[in-house]
Amino acid sequence: MPASPLTPAQTEVFMPHMRDVGRCERSLQELNLMWRIIEASAKMNCPQEARAILPTMAATRSSFAKLEKELVRSLVQEKVSNVLTEIGTKAQYVIDIVVRNLYERTADVGFLATDRELCSFVAGQHDERGRIYHRLCEYRSKYTVYDEIILLDTAGNVLVQIDTATPLEHSSDPLIQQTLNSDNFVETFRASDLRPGKRKALIYSRRMHHPDTGAVVGVLCLCFHFEHEMQGIFASHGDPARRSNLLLLDASHEVIASADPLWVPVGAQVPVNLEHAPQLRLFGGREYLVRTFSAEGYQGYPGPAGWLGQVMIPLDVAFGHSERDLMNSLDPALLNGLLSHADTFCPPLHDIMMAARHIQRIVWNGQVMTAGQTGDLLKLKTVLDQISETGNRSNELFEQSIHDLYQTVLASSLQDAEFTAHLLVDLLDRNLYERSDDCRWWALTPELRQGLAQPEADTPERIAAILGYINQLYTVYTRLVVYDRQGHIIAATGEGGAALAGQSISPEALSKVLALSNPQHYHVSPFETSALYEGEPTYIYHAAIRHPEHEEQVVGGIGIVFDSGPELVNMLRSGLGGRDQMQALFVDRQGRVLASTSAEHPIGSQLDLTAAALALGNGQHQSRICTHQGQYALEACSVSSGYREFKTSDGYREDVIAVVYRHFGEVRSAQVQASTRSYFIEHDPSQTGGLEFATFFSDGNLMALPAECVQEAVSFAEVRTTSMGLRTAQIGILGLRADQAPQGKASFIWVFDLGELMHGRRSRTTPTSQVMVLRHRDQALGLLVDDLHAVTQFDPADIEPSPLALLSESMLTTEVIKANQGRLLIQAVNAPRLFDWLIDGIEPPGLISQPPKLPTERRDETQEALAA
């Protein structure tokens, strides 16, 4: 999101690149001009007759001009925000994924540099170079993220390397001396003679010690396959449409990896946007929107100094893609319920909706003000017809513009949720890939193999010490266990580990481990409760430990217990990036929750996902608008697809679905409110002698009242709700203007709920709720309705008695208007009967049980309350 609203100058810059907003602006300007023409025409042609409505027309024109600017500015703002959110999310995830990956490399080099077999070779205790080469190749076959592993002595002489395509004898790279002088890993990214032919190499080095004396004897270098890894990240998280480019930058803002190097080449220096401002950046003679993020760090590892994730999208293509058509596919009740929370999820949209309602009310009031007039006011007919026509066009344009803005907001939110879900399963697969590597590599530890093949009295202690050292380096595991061929645990780490000695692993896991045919294979237990994880569900990664001299003979196994409780939740929270309005979960193919950021979805509970979501293919994702936990929500799902060989070609299958929810507000039980366009009334301008009705919506129905008894409409927000009424339908008090209050009468009126009067249930008030001020004879009252519609003239021949009204005198709607040649039926409220019921106390049996008259003392009490 932009750090601040766009300035008028910025809006002008972006506008030419948004064709749909340009069309909207032109339509608004045309209507604005039409309102000016109507007002000018009324002033010139019938100034006396029009003086009553000229203030209303001036207010309409002024409000319209203000709304025109606000609509256009908000459309531009949201579209820019949409693009910035999209590219910003990707830029942040690119750097975060890289840092998480490289954190594992820092642990790898620290562990491998202490490998006793490698250390003894570098110390000169034996010269079995072939065996060491084979051991390093075994390591590379497990950890495929490395393209070279090198052992060097303290003088820089190469003892063993696995990349035979670039044979080395000696290195003079300063990193060797730097590593020898450090008691920690050294991270190097630049050109190096250790990787000839590469522009820059990412190398993790650690010094090695004599296994007996502890003297420094050499250096281990793990060379990360940087280019290949970045290609995978770009392929997974890049822009399929190739409208934007993902980049990884160094501290000097030089490109070190580019999703499209022909577009933005490696080595180029690019402008950045660390302030996240909606400012354009110029590169190569082209203007770009840019988002740049530094790494947040992972497990205390900050990542390579100064590295940045960045996405750049050219201004000329940033807004050219088509957004998903969400609005027309949504259930109307769901759509309107979600829209009722616009003030929460999109305040500018809410403000525009309120402004549009205000203008519609002004136009509607202007129409009812002159309804039924005769004599010289007939000169106003042409003006009034133009007001009516232009008002309808304005309503349609407002609806379309709000529709477009709403569509932009929802499309952006859905896209963000989808990308987040995709990232979460990617993070999961990348993390669990490392677990499959660890168990297989640790199973090759010579001391473990020897200890199980030829156990001695101190074997459990020696194995426990080795496991303890490993577990200290790799804190994502609750415990590590080593067991013999019968499944009896020899040693275990973690709290209570000593007490596990002698116990057995599950028969199912043991049989799977004994059946593993080679060191490349492994077994993962299903996500289920285990005594090795304090009775909680988790994954346990197993690998077979083989006889040191007979590879085909399995002498036992190692099980590494993933600390799934905190680790999976940490992944979910990291993927959400601090967005508190979102929830995230990992579930299996049956919808069973594996991890969740929500207390309402504990581990093991069932998530109610659609069959389509549960059946998504690997790597597929979908999103929808739904209800969740009693709130309107966006739901995005993405299915894991593996990482490198993990879950793709290694024989292991365990699909996980990441689910992301974004909530917008509580579900409201409201009637579906149709748009004005859905109830458009056809009108013949040449028609004369018709009856004028003010139409409105109540309880989801289009209804009408004779226009002559309607004085005006005001927002329900102006009503003072009170419990002093004698009936439940008597919901509040509305103050009248000085010119509205009848002489000698109170300056307020009671407001009644039409929905409750007709159906016996209280209407839910929304920002669109209106109160119509009705007058009959010398009495007045207010009537709560859902929304206003139009003021239209109907042919008397199209008005017929309601069949139901003949059956009961308690019916409020006594006539039906057959509009649009009978295709649209409108219920007409009987105004005299309404006043009889509510004011004069003529009550039909069984409908209103309380006395209808408002006593004089109650009137005095109410006036005192209002005065106070």
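The values are calculated or read from the model by the stated rules, or taken from the named source; none is laboratory data. Remember, it's a predicted structure, so these values are computed and weren't measured experimentally. So basically every Cβ, Gly included, is an ideal-geometry build from the backbone, and we count neighbours across all protein chains shown. We work out accessible area using only protein heavy atoms, side chains counted, and drop any ligands, DNA or RNA first. Shrake-Rupley method; radii C 1.70, N 1.55, O 1.52, S 1.80 Å.
General remarks:
- Relative contact order (%) - region 148-295, alpha-carbon pairs under 8 angstrom, separation at least six: 14 percent
- Where labels lie 7 Å past Cα in the beta-carbon direction, separation of D183 and R131 in nm: 3.2 nm
- Annotation: peptides 200-208, 20-28, 598-606, ranked by per-residue average of other Cβ atoms within 10 Å with the highest first, follow the order 200-208, 20-28, 598-606.
- Entries in K79/K647; K142/K198; K43/K66; K512/K647 that, when Cα-Cα distance is taken, lie over 29 Å: K79/K647
- Read-out Rg and Dmax of the Cα atoms in Å, derived from the coordinates shown; its label in (1) 37.8, 129; (2) 37.4, 118; (3) 28.3, 92: (2)
- Integer Hz, Karplus 6.51/-1.76/1.60 couplings in order for region 502-515, x for Gly and Pro: x, 6, 10, 7, 5, x, 4, 5, 4, 5, 5, 5, 5, 8
- Efficiency of FRET from Cβ geometry, E70 and A277, R₀ 30 Å, rounded to 0.05: 0.85
- Inter-probe distance in nm under a simple model that places probes 7 Å from Cα toward Cβ, at A191 and Q520: 3.7 nm
- Length gained when the stretch A615-A501 is fully extended (0.36 nm per residue, less Cα-Cα span): 36.8 nm
- Peptides 630-639, 165-174 ordered by average Cβ neighbours within 10 Å, highest first: 630-639, 165-174
- The mean sequence distance of close C-alpha pairs (under 8 Å, at least 6 residues apart), as a share of the length of the chain, puts its relative contact order at 10 percent.
- Within the shell of other residues whose beta carbon sits under 13 angstrom from the beta carbon of R430, the net charge comes to -4, with Lys and Arg scored +1 and Asp and Glu -1.
- Within the accessible area of the chain (1.4 Å probe), percent carbon and sulfur: 51 percent
- Legend: calculated FRET efficiency, H209 to L473, from the Cβ-Cβ distance at R0 = 25 Å, rounded to 0.05, equals 0.95.
- Relative compactness, region 111-150, computed as alpha-carbon Rg over 2.2 N^0.38 Å: 1.15
- Where labels lie 7 Å past Cα in the beta-carbon direction, separation of Q299 and E508 in nm: 2.8 nm
- Burial ranking of peptide ranges 556-562, 612-618, 642-648 (average Cβ count within 10 Å, highest at the top): 556-562, 642-648, 612-618
- Förster radius 30 Å - calculated FRET efficiency between E666 and R23, Cβ distance, rounded to 0.05: 0.25
- Summed over qualifying helices (DSSP H, 4 residues or more, each -39500 (n - 2.57)) and divided by its residue number, the chain shows a 222 nm mean residue ellipticity of -11500 deg cm²/dmol.
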